[in-house]
């Protein structure tokens, strides 16, 4: 029985060798049932067992100071744990005697594109995170355009193709800040910032979103926008060597930290 045949379980033949195909006059044919996916290969294969396992939840709180052992870091080529770069390149490096996460792609080395590449952004965590906060220490790369150079944090990131999704809170080198929802600016302002390290934080509790700089809330409470789906945390940067350290993701006390996700691959389950 192949996946897709009436009455079969969706994963009954998951990673199973179905048949060995014989060429006849230099040709062969295969039958693919509806709702099925197969792989045809010339490699030697053996029938084996594929053991599925439930996807584990990455529980909060979560913390990363990127202070990995040198040997571990070298083996990973500078890549941090659990992150997925959608634009730019985020790598762990030493700066001022400390290990930090640096955005490595600058405007002068940015490749010519035939399509669309998001501004530098990396996301991490669990797409079931819902009510939580994301904070990080920001160390700006000194630039000639402080009103254009920014670094930020985000949450409920769930649309990788867009490069910026969910809520984001960014701070500019000049002291400007911007609270964004799916690339749209919701509120903005400016404040005095430190010359060296600044801590920024975004917090989501239901549809109330708050942005903090160095421990002080600078954004008005945001309550008039639709609740965004649960999603991962994110770090944003302009095309400068901005750095991040002491990244913290923490649950909101008294609120539901996670959501339960359902899939529609079980054919015996119905949704209305």
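The values are calculated or read from the model by the stated rules, or taken from the named source; none is laboratory data. Just so you know, these numbers come straight off a predicted model, no measurement behind them. Neighbour counts are summed over all protein chains in view; Cβ atoms, including those assigned to glycine, are modelled from backbone coordinates with ideal geometry.
Looking at the range 183-207 only, could you name the residues that are under 13 Å from residue 156 (Cα atoms) and not in a loop (DSSP other than H, G, I, E, B)?
Residues satisfying the conditions are 202, 203, 204, 205.
Looking at the range 90-118 only, could you name the residues that are within 22 Å of residue 158 (Cβ to Cβ) and in contact with a strand residue (DSSP E or B) (Cβ under 9 Å, 6 or more places away or on another chain)? Before the answer, list the steps.
So the first thing to find is which residues in the range 90-118 are within 22 Å of residue 158 (Cβ to Cβ), and the list is 90, 101, 103, 115-118.
Residues satisfying the conditions are 90, 101, 103, 117, 118.
Quick check: is even one residue across the range 147-169 on the phi > 0 side of the Ramachandran plot and not in a loop (DSSP other than H, G, I, E, B)?
The answer is yes; a qualifying residue exists.
Can you find a residue that is farther than 16 Å from residue 243 by Cα, surrounded by fewer than 19 Cβ atoms within 10 Å (Cβ to Cβ) and at pLDDT 90 or above anywhere in the range 110-120?
In the first step, residues of the range 110-120 are kept if they are farther than 16 Å from residue 243 by Cα; the result is 110-118.
With surrounded by fewer than 19 Cβ atoms within 10 Å (Cβ to Cβ) added as a condition, the list becomes 110-118.
Still in the running and at pLDDT 90 or above: none.
Among the residues of the range 110-120, not one is farther than 16 Å from residue 243 by Cα, surrounded by fewer than 19 Cβ atoms within 10 Å (Cβ to Cβ) and at pLDDT 90 or above, which makes the answer no.
Residue check, residue 41 against (1) at pLDDT below 85; (2) within 22 Å of the chain's Cα centre (by Cα); (3) farther than 28 Å from residue 242 by Cα, all met but one. Which one?
The failed condition is (2).
Given the residues 105, 186, which is the only one that is surrounded by 14 or more Cβ atoms within 10 Å (Cβ to Cβ), without any contact (Cβ under 8 Å) to a residue 60 or more places away in the chain and assigned by TED's automatic domain parsing to the domain that holds residue 211? Please lay out each step first, then the result.
Details: 105 fails: without any contact (Cβ under 8 Å) to a residue 60 or more places away in the chain.
The conditions single out 186.
When you check residue 268 against the structure, is it modelled with pLDDT under 95 and surrounded by 14 or more Cβ atoms within 10 Å (Cβ to Cβ), yes or no?
When the stated conditions are applied, residue 268 does not pass them.
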